[in-house]
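Undergrad: The structure under discussion is supplied below as structure tokens; questions concerning it will follow.
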Amino acid sequence: SLIKHKYRSVRTMLQQLNATKKGLITGLVMIILSLFFFYGLKQPPDSKYQYVIYSVYTLGIIWSIASFNKPAGNESKFKEYFSAGFKTFIVVTLLMVVYTGIFYKINPSILEAKIELNNKLAMQEGNHTAPEIESNANQMRSIFIPMMLAITTFIYLFIGALVSAVVSAVIMQMKKN
């Protein structure tokens, strides 16, 4: 039937995508979900929904490694599987870092809410003067986006490398058995 034919066509197309394109698709899905959670569900960027985004990231890497095919007769090595995961997670990391920078630039209210909370906590401690609190707020404004970019980069590189290594090792072990 027509539906089965369309399903096979889409399945074939998805199998033929290289690891970089899979990273692009995975990153775009993650960005769309991030926007949906923030603007649609009104959830803060650091909500529990972030785990859904990390899950999509993990599944994208697994998809890329699991669908990695070496020509028949050649035995794949760990580094080749890891390389497929690397090509995926490096693209996702780049997309998420760019997205993070743009997101926080167009949503300065997030930073201001964090500064307001920090100021409130500093005042409650009672051992900070008003100029110290204001100086701290200005320092937070100057380092917030670079800090968020660095954290985003580290988290996505770490998770990507970890998932790629574990999935590659599991596949290699499965092939031995």
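The values are calculated or read from the model by the stated rules, or taken from the named source; none is laboratory data. Computed from a predicted structure; not experimentally measured. Cβ coordinates were reconstructed from backbone atoms using ideal geometry, including for glycine residues, and neighbour counts include every protein chain displayed. These area figures cover heavy atoms from the full protein model, side chains too; ligands, DNA and RNA do not enter into them. Shrake-Rupley method; radii C 1.70, N 1.55, O 1.52, S 1.80 Å.
Undergrad: How far apart, in nanometres, would the label points at residue 170 and residue 8 be if each is projected 7 angstrom from Cα along the Cα-to-Cβ direction?
TA: So the label points at residue 170 and residue 8 sit 3.1 nm apart.
Undergrad: Please compute the contact order of the chain in relative form: average sequence separation of alpha-carbon pairs under 8 Å and at least six residues apart, divided by the residue count, as a percent.
TA: Details: 138 pairs, mean separation 52.3, N = 177.
The value is 30 percent.
Undergrad: Right, another one. Show me, bin by bin at 5 Å from 0, the whole-percent P(r) of the chain based on Cα pairs.
TA: 1, 8, 13, 15, 14, 12, 11, 8, 6, 4, 3, 2, 1, 1, 0
Undergrad: Which lysines have a Cα lying under 23 Å from the Cα of residue 77, excluding residues fewer than 8 positions away in the same chain?
TA: 21, 22, 87, 175, 176
Undergrad: Summarise the accessible area of the chain (1.4 Å probe, protein heavy atoms) by the percent that is carbon and sulfur.
TA: Carbon with sulfur: 67 percent of the solvent-accessible area.
Undergrad: How large is the dipole of the stretch 1-158 about the Cα centre if only Lys and Arg carry +1 and Asp and Glu carry -1, each at its Cβ, rounded to the nearest 20 debye?
TA: That gives a dipole near 1140 debye.
Undergrad: Per 0.36 nm of contour for each residue apart, how much would the distance between residue 124 and residue 149 grow if the chain were fully extended, relative to their Cα-Cα spacing? Intermediate results must be reported in sequence, preceding the final value.
TA: On the way: separation 25, 0.36 × 25 = 9.00 nm, distance 2.99 nm.
Roughly 6.0 nm would be gained on extension.
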